[in-house]
Each structure stands twice: as C-alpha cells, then as structure tokens.
Amino acid sequence: MKELVEYIVKALVDNPDQVVVNEVQGETAAILEVKVAPEDVGKVIGREGRIANAIRNITKAAAAKQDRRVTVEILTDDKPSSGQ
Amino acid sequence: MKKARMKGKSVDEAVESALAVLGAKKEEATIKVICEGKSGMLGVIGGQEAEVEVMVAGELKDDAKQILQEILDHMKFLSMVETNESEDGVKLNIKGEDMGRIIGKEGATLMSLEILLRAMLGRMKNESVRISVDAGEYKDKRKTALERLACDAADEVSKTGIEKALPPMNPADRRIIHMVLKERKDVSTISRGEGRDRRLVINPQ
C-alpha cells in the first residue's frame, strides 16, 4: 500500500524528493502517514479535500483486495489532517 | 509521455542531459528535482550529484492510459485500459478482474480514479483535461438506469402535480438527470441541500 500512496503523491507534488510515507500500525487498521513539502500540502489535499479523499478511496479499495484495512493521513504542521 | 531520469553536477546540467536524451525543449517539459545536489569540500569530496526527472507530455489519450495503467498496477489489480476519443474528451474503460472493487460503492472508486488522473494530467499539461474513467461500461449502465428513474419520477410529478425529491446523489448523477429532464415541458428540476445530502427535486411546471 505504501508504494501505491507514494506513487500517487509523488505525481501530484512539485517536490517528489520531499515525499515521505510512513506506515504505522493502528488498533484496527494500518495508518499511512504522508508528509510533503509545506508548499505541496494543498496539492495533496485539494479543494474541499477532494484529492485527499480520492487517495483514501483508492488505497482502501487496493487494501480490501488483500483483506487489509488501511487509512491515509496527510500530515500538516505535524498534526494529522483529514482534509475534510 | 516520455520520461528520463538523469544525474549531473548541478540541476541545470542534469536537466540538459535529460532533455538531450528525450530530444525535447525545456519549454515543453515538466521538470521534477529529485535531488538538488551538494558541492562537497573543494568541489570534490563529499559532494552529492543533482538528480532530476524530466517528462514530456504526449497525446492526452496515451498519457491518460499510461498513468491509469500505472495506478492499477500499483493497486495490484490485473486489468487493462482501453481508450476512446470523442467530442466529450478521452474516455478510458478498465477491463479485467475485481471490477466491483474498481467501481466501488455507487461508483465512488471510479470517481476517485478520475479525480486523481485529472489532477495528475492537469499538472503535467498545465491545463485542465477532459477525461472520464469507466469500468466495464458501468457508467453507461448507470446512466440508463438514472434516466429511467428520472422519467418515471417526472411522469408521477406531472400526473399528481406534487413535487418529488430524489435520493441524495453525487454531482455527476444529478447532472445526468438534469440533462434528460431539461427537454420536458411539464416538469422542472432544481438541486437542494448541501454536500452529501444534496438531492434533485422535480417540480410540476
């Protein structure tokens, strides 16, 4: 799942070298924390969180195929943002 | 779309060699800096080479197909993509296994693929692109079903003279219904509500 999120996020930002995706094991699901350059945060979240939600949906679909549960969090100023 | 990834002593130098490989001009390329590079002590020791990825956009149809295929491969879905160009833009149709998962609940995953693909292509081409993503003719079938629902509801409103609200729908679905009922003189349509609760209301005319 990490590679999928990395691939998508890197294609959306101006600074792909600053994209970091970390997998953290949560209670019920794995959490993929996405960190990008400050000026790229808007590109990954999108208007009304549309891009962030699209990334979540696609990751969820790919994870479900492998019977896994994964959530995606985009980090802004070291605080998780749902982008909603 | 053609890509080249090159290293060099500086970003400019790396870009130049990538452009040479692609046979492209700087104006038509999208440049991503993978690594800025550092000059080391005395310009030799401990330095790090700059690395860039240079992309040259091709035909929208080909680029869209390539990127969608790459996303599906990363999702580990065995599938292939067909393209079709029409006056409404480029239509991409996914074929393969796990169609249900690719479509998602009420087409949510398809819609997400479309949103991401549009963002990626828009960035690459510096303009908004007209594309739509379908899987196994899901959208066509959904369109037919929605049109039937709309006509039945409109007939009812016309007969009873009482307005009727349809279930909440996404913008694309509402648009299909607005379009099909636009031609009818006996009813009119508006959308009401916010966000996920937004629904179409049919009024007698």
Item checked: Filter result (surrounded by fewer than 19 Cβ atoms within 10 Å (Cβ to Cβ), more than 13 Å from every other protein chain (Cβ to nearest Cβ) and at negative phi) within region B:68-89 -> B:Met80, B:Glu82, B:Thr83, B:Asn84, B:Glu85, B:Ser86, B:Glu87, B:Asp88
Next item on the list: Answer yes if at least one residue in region B:119-128 is free of Cβ contacts under 8 Å to residues at least 24 places away in the same chain, crowded, with 17+ Cβ neighbours inside 10 Å and assigned to a helix (DSSP H, G or I), and no otherwise.
Entry: yes
Check: Could you count how many residues in region B:90-141 are of a type in the set (A, V, I, L, M) and either at the interface with chain A (Cβ under 8 Å from one of its Cβ atoms) or over 23 Å from A:Val9 (Cβ atoms) (or both)?
Finding: 12
Notebook entry, point to check: A:Glu27 fails exactly one of the following numbered conditions: (1) open to solvent by less than 20 Å² (accessible area, probe 1.4 Å); (2) away from every other protein chain (no Cβ under 13 Å). What is the number of that condition?
Noted result: (1)
Checklist line | Residue check for B:Ala57: modelled with pLDDT under 90, surrounded by 13 or more Cβ atoms within 10 Å (Cβ to Cβ) and not acidic (Asp, Glu) | finding: yes
Notebook entry, point to check: Among the candidates B:Asp98, B:Asp173, which residue alone is surrounded by 14 or more Cβ atoms within 10 Å (Cβ to Cβ), touching a Phe, Trp or Tyr at 6+ places or on another chain (Cβ under 6 Å) and outside the structural domain of B:Ala29 (by TED's automatic domain parsing)?
Noted result: B:Asp98
Note to self: Yes or no: region A:58-69 includes at least one residue that is more than 9 Å from chain B (Cβ to nearest Cβ), out of contact with any Lys or Arg (no Cβ under 7 Å at 6 or more places or on another chain) and at positive phi.
What the structure shows: yes
Next item on the list: Among the numbered conditions (1) touching a helix residue (DSSP H, G or I) at 6+ places or on another chain (Cβ under 9 Å); (2) open to solvent by 70 Å² or more (accessible area, probe 1.4 Å), tell me where B:Lys65 comes up short.
Entry: (1)
Next item on the list: Tell me which residues, restricted to region B:1-41, are away from every other protein chain (no Cβ under 14 Å), without any contact (Cβ under 8 Å) to a residue 24 or more places away in the chain and assigned to a strand (DSSP E or B).
Entry: B:Met41
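For region A:30-49: of the residues being among the hydrophobic types (A, V, I, L, M, F, W, C) and more than 22 Å from B:Lys76 (Cα to Cα), which is surrounded by the fewest Cβ atoms within 10 Å (Cβ to Cβ)?
A:Ala37
The values are calculated or read from the model by the stated rules, or taken from the named source; none is laboratory data. Computed from a predicted model, the values in this text were never measured in an experiment. Heads up, the Cβs are rebuilt from the backbone with ideal geometry, glycines too, and the neighbour counts pull from every protein chain shown. Areas reflect the complete protein model, heavy atoms only, side chains present, ligands, DNA and RNA absent. Shrake-Rupley method; radii C 1.70, N 1.55, O 1.52, S 1.80 Å.
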